[in-house]
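Student: Take this structure, written in structure tokens, and hold onto it; I'll ask about it next.
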Amino acid sequence: MAAIRTLGLRKVYGGTAVLDGVDLEVARGSVCALLGPNGAGKTTAVRIMTTLLRPDGGTVEVAGLDVVRRPRAVRRRLGMVGQQPAVDEVLGGRQNLVLFARLHHLDRRAARRRAGELLAQVGLGDVDDRPVRQFSGGMRRRLDIAAALVLAPEVLFLDEPTTGLDPAGRRDVWDAVRTLVAGGTTVLLTTQYLEEAEHLADDVCVLDRGRVAARGTPRELTAAIGGDRLELVVSDPARAAEAAALAERAAAGPAGGRPRGGARQAAPGRSVVVPVDRRPGVVGDVVRALDGAGIDVDDLVLRPTTLDEAYLRITGHARAEVPA
Amino acid sequence: MSAVLPPVAEDDLVERLRWAVTDAVTVAGRDVAHWRRQPAVVLVGALFPVLLLLMFVYLFGGAMVVPGGDYRDFLVPGLFGLAMVFGLEATMTSVVTDATRGITDRFRSLPMAPSAVVAGRCLADLGSSVLGLAVLVAAAFAVGWRPGGAAEVLAAVGLLLLLRSAFLWMGVFLGLLTRDPATVTAVQVLVWPFAFLSNAFVPASTMPGWLATIAEWNPLAATVTAVRGLFGQPVDAGGGWATEHALVLAVAWPVVLTVLFAALSVRRWQGLSR
Ligand SMILES: Nc1ncnc2c1ncn2[C@@H]1O[C@H](COP(=O)(O)OP(=O)(O)OP(=O)(O)O)[C@@H](O)[C@H]1O
Ligand SMILES: [Mg+2]
């Protein structure tokens, strides 16, 4: 059963559809990364799923409950970390968590105990009494995440949880997310960092101008986009062009598949870039073909498409040429 | 996983009402925690009307002539009223801060009673106004002002808090409407002409005719005149209908404003999810 399911989700602002029929399904216990350029509608989608905004069309279910019809029940099952940290700046870290725990209807003692557990869980166990105003950005973020975990939510929404964090802070957040997922929580996160999606997400959903532009596992996305390429360096610059043509034909396969085209010399020099399809034995075929023609190869690398490249292609902002 | 999930009857009305109250108290408790952490802020807020009291009694008071003779006795109820008007910017500041910092959204995403966000603000702000009034009363005592009996004092406090609740809801509405700290500054400035265009500092009858009429009908003036009456001060003889019926207006104005701005606030609150 899906932890999050949206069907034809629409949101219109001043005549413009910010979300224009978004279908999304996130399996229980999985991590889904919502990607998309600025203004794609990620925050809007998250705000609808967390009951903060009403959709203008379509249905949204979180933890099997309709967010419009049963907002209170949904709120008891979700945790939300917004795009900006939402903690009380004047109060201390522990005080903040006790406050939020009380508002989750834990009694005084349970709230204090839960606050202690949560602080430890996000690595703020030794935080003192100082006001949050004096926290670093990373500490604030972690406190913010802790505040979303009071009831060990079934579904956790994180809107750009690591923006503005240093690499160590980012790892801390990732570790926290992994721990939660191991405990059975479903996570939907938005991010601008493809690396983050690759590390954390089981599934990726690319949103572009309010529509789902692509969806799948990171591997599926990169495979669907294609663009893997073989980069090789030949010993004799004079034979580079010949090598490119040969390699291209070899990469297309023995069964007489059509060459993809687009092989080229990266620069007047010794290196050659050949677009290849992912198929077993492709590198060996190329090497044998070149060897058979007596072309010496000094170096050879297979570069799989990165999620970055796939993402840029999907959202239509790819540069004209894939950089060598 | 759900070991920490406390049992709830999600749709039980009595249970929901109970939580609405408890949550409001919890939200108000957050303000109390703020006061404890920032006593200086609280002190400055409470001492500002005291400063005005000292200034007007000792610096300007000598030049003031009012019906009944004693400017101090005339001024003190005016400052009580003014302190309530200052509450507008206090409420607005809190509402705007919470809205811009995402706290309001966090509250809205919690399984708490939605009404508690605003109800808690009301509790906290009324509480802080009571404290502020207590400080101002003590200061007035120190400069020689004496109220009448306890019943009159209680009635006066009631009228003042009624006025405060009008400005409270106005603050909630404006805060939710603009969600912009810059507008709080604007309100801080506009409070002054509003306060001076009343009888808080001088009798309205000393103003040019049409200004006097506006000043008399000012909600602040109604409360101040009514409070003066409770403390046994002579009514401004040159006053018109509004002055003569100040007590009625001192109840009607705040009730109308409270109902109006509470309704607008509720609409605005619902509008947050649009
Ligand atoms: N309250 C609003 N009124 C009008 N337009 C809005 C409102 N909120 C968002 N928008 C518009 O909706 C679009 C999507 O915004 P949203 O914040 O969901 O994007 P996002 O994908 O989260 O972007 P970012 O990566 O910058 O956070 C934007 O064009 C934005 O201007
Ligand atoms: Mg966003």
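Student: For B:Ala186 and B:Gln270, FRET efficiency with R0 = 25 Å and r from the beta-carbon atoms, rounded to 0.05?
Tutor: Computed FRET efficiency for B:Gln270 and B:Ala186 comes out at 0.45.
Student: If you line up the long axis of helix B:115-142 against the longest principal axis of chain B, both from Cα atoms, how many degrees apart are they, to the nearest 10?
Tutor: For B:115-142 against chain B, the angle is about 30 degrees.
Student: Right, next: How do B:Ile214, A:Ile314, A:Ile4 line up, fewest other C-beta atoms within 10 Å first? Intermediate results must be reported in sequence, preceding the final value.
Tutor: Working: B:Ile214 14, A:Ile314 21, A:Ile4 24.
Neighbour counts put them in this order, fewest first: B:Ile214, A:Ile314, A:Ile4.
Student: Rank A:Ala115, A:Ala197, A:Ala251 by mean-square fluctuation in a GNM of chain A with C-alpha springs under 10 angstrom and give only the top-ranked residue.
Tutor: Answer for the Gaussian network model of chain A: A:Ala251.
Student: Among A:Glu89, B:Glu15, rank each residue by its count of other Cβ atoms within 10 Å, from fewest to most, as a rough exposure measure.
Tutor: Least to most surrounded, the residues fall as B:Glu15, A:Glu89.
Student: Here's another thing I want to ask about it. Roughly how many whole Å is it from the C-alpha centroid of segment B:215-262 to that of segment B:105-142?
Tutor: If we compute the Cα centre of each part, the gap is 24 Å.
Student: With unit charges on the beta carbon (Lys/Arg positive, Asp/Glu negative), name the residue among A:Leu52, A:Tyr13, A:Gly294 whose Cα is farthest towards the positive pole of the charge dipole of the protein assembly as shown.
Tutor: Positive-most Cα among the choices belongs to A:Leu52.
Student: Here's a follow-up. Can you list the residues, at least 5 places off or on another chain, whose amide H is less than 5 Å from the amide H of A:Thr190, using H built in the peptide plane?
Tutor: A:Leu34, A:Leu158, A:Asp159, A:Glu160
Student: Let me test this: with uniform point scatterers at the alpha carbons of chain A, what is the Debye-based log₁₀ I(q)/I(0) at q = 0.07, 0.09, 0.11, 0.14 1/Å?
Tutor: -0.39, -0.59, -0.77, -1.02
Student: Another question about this same structure. Quick check for you: which residues of segment A:126-151 have the amide N under 16 Å from the point 7 Å beyond the Cα of A:Arg113 toward its beta carbon?
Tutor: A:150-151
Student: Now for a different question. Nearest 10 degrees, 0 to 90: what angle lies between the long axis of helix B:13-37 and the longest principal axis of chain B (Cα atoms)?
Tutor: The two axes meet at around 60 degrees.
Student: Tally Lys and Arg at +1 and Asp and Glu at -1 over the other residues with C-beta under 12 Å from the C-beta of B:Pro67: what net charge comes out?
Tutor: -2
Student: May I pose another question? Output the 0 to 90 degree angle, nearest 10, between the alpha-carbon long axis of helix A:93-103 and the longest principal axis computed from the alpha carbons of chain A.
Tutor: Once rounded, the angle reads 70 degrees.
Student: Let me ask something else about it. Quick one: if the Förster radius is 51 Å, what FRET efficiency do B:Asp12 and B:Thr213 give, using the C-beta to C-beta distance and rounding to 0.05?
Tutor: Computed FRET efficiency for B:Asp12 and B:Thr213: 0.45.
Student: What list of ³J(HN,Hα) couplings, whole Hz, do you get for segment A:167-173 from phi and the Karplus terms 6.51, -1.76, 1.60, once you set θ to phi - 60° and write x for glycine and proline?
Tutor: Coupling constants for segment A:167-173: x, 5, x, 4, 4, 4, 5 Hz.
Student: Return the distance in nm (one decimal) between the two label points of a simple spin-label model at A:Arg171 and A:Asp23, each offset 7 Å from Cα along Cα→Cβ.
Tutor: Those two pseudo-labels are separated by 4.1 nm.
Student: When chain B is modelled as a GNM with alpha-carbon springs shorter than 10 Å, which of B:Asp125, B:Asp105, B:Asp180 fluctuates the most?
Tutor: B:Asp105
Student: While we're looking at this one, here's another question. Kindly state, to the nearest 0.05, the FRET efficiency for B:Ala40 paired with B:Arg101, given R0 = 25 Å and r defined as their beta-carbon distance. Please list the in-between numbers first.
Tutor: Values: r = 21 Å, r/R0 = 0.84.
Calculated transfer efficiency: 0.75.
Since every read-out is calculated from the coordinates, none of them should be taken as a lab result. Bear in mind that the values here come from a model prediction, so they are computed numbers and not experimental data. Positions of Cβ are generated from backbone atoms using ideal geometry, with glycine treated the same way; all protein chains shown enter the neighbour counts.
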